[in-house]
Amino acid sequence: MHHGNIEETNLAPVGFIWHSTYSCAYDALFTILYNLWSENRNKWSTKMKLNNLIGSLITGFLEVNQGEITMEICRDRIRQTLHNQNRNKFPLRQGEGTSIFDLCEEILKAHEIGHIKTKCRVCEREQESEIETLIFDCHHINNIRDGGSNGAHHTIINWLAIYLDIQGIDGGARCCRQQMRTIISLVHSPAIMAFNMYGTNIGLTKAFTLRITNKRKYYLTGIIYHGDYHFNCWFIDKNGTIWYNDGMETKRECIIDGDISKISMSDLNMC
Ligand SMILES: [Zn+2]
């Protein structure tokens, strides 16, 4: 007996309905987080709880799931919290959008992720700071090693390998007329990571393994695309189905847009 149909219908990803106060950044990020969370509520309720803000978002997801509030009320509560924290970064008016990077930075804030240590090779002066968020800005090292004359595609894993190189990378800060060496280290493999690749030559990776203290495999779960002051997103479910959502056009519905195992990564980059 085949009993997959009903479950599949119930499990189809859902999106947030766009609001005219430019909710698109929230719609895109929360669509990915909500659908990932829905795949394994117990697991992600714990693993995604990086800070109080995302904690409230997860509480909201639970309420949505129990039919107590709409997805949009859940989104707008977080928007209001962020707006109260910083009115300029997180506006609530028509005509003023929110940067997806600023939003990810807040939602993915976490403690004890890792350290950034800068050191001068001449006088040995050192500075150390904490990594505070799980969105990594790939602009820190763009144009990583020319992949030869054929312009080979660099992916997130190449970028991470350089970023986390134990020898360090040349940082922006200067001391003794030289660029200081920056050594970035993670304490453990985080449960989720996001990468800001906009305007870089770095390509997406379907999956990769990272070994810090333990080995962890990462799967591409979401892509947010920015164009014309608007954001669209793709959510990749655990079966590898790619779903497209645009809160403005597709609203609640997510549309199947392929299968991750059958698509080439350079096609995805073009989206
Ligand atoms: Zn120095």
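Values quoted throughout were computed directly from the atomic coordinates according to the rules given, and no laboratory measurement underlies them. Quick caveat: nothing in here was measured; it's all calculated off a predicted structure. FYI the Cβ positions are ideal-geometry reconstructions off the backbone, even for glycines, and counts take in every protein chain you see.
Under the combined filter of DSSP loop state and at most 12 neighbouring Cβ atoms within 10 Å, segment 155-219 retains these trypsin sites (Lys or Arg not before Pro): R177. Pairs spanning more than 18 Å between alpha-carbon atoms, out of K89/K109; K47/K251; K119/K215: K47/K251; K119/K215. Screening the chain for DSSP H helices whose Cα atoms reach 20 Å or more along their own axis and whose mean Kyte hydropathy is at least -1.0 gives 24-39. Straight-line cross-link reach from K117 at under 16 Å between alpha-carbon atoms covers these aspartates and glutamates, not counting any fewer than eight positions away in the same chain: E126, E128, E130, E132, D165, D170.
Simple spin-label estimate for S189 and K43 gives 1.3 nm between the two label positions (7 Å along the Cα-to-Cβ direction from each Cα). Dividing the helix sum by the residues of the chain, where each DSSP H run of 4 or more adds -39500 (n - 2.57), gives a mean residue ellipticity at 222 nm of -9000 deg cm²/dmol. Under 5 Å between amide hydrogens, built in the peptide plane, is the criterion, and for A173 it picks out M180 among residues at least 5 positions away or on other chains.
Taking amide H as placed 1.01 Å from N in the peptide plane, the amide H of F195 sits under 5 Å from that of F136, each at least 5 places away or on another chain.
Each DSSP beta bridge with both residues in the chain is either parallel or antiparallel, and the antiparallel ones are about 90%. Among I131, I162, I212, the largest mean-square fluctuation in a Gaussian network model of the chain (Cα springs under 10 Å) belongs to I212. Computed on the chain, with alpha-carbon pairs under 8 angstrom and 6+ residues apart, the relative contact order is 21 percent. Springs between alpha-carbon atoms under 10 Å, Gaussian network over the chain: tell me which of E68, E124, E96 tops the mean-square fluctuations. Highest fluctuation of the listed residues: E124.
Within segment 74-222, antiparallel bridges make up roughly 80 percent of the DSSP beta bridges whose residues both belong there.
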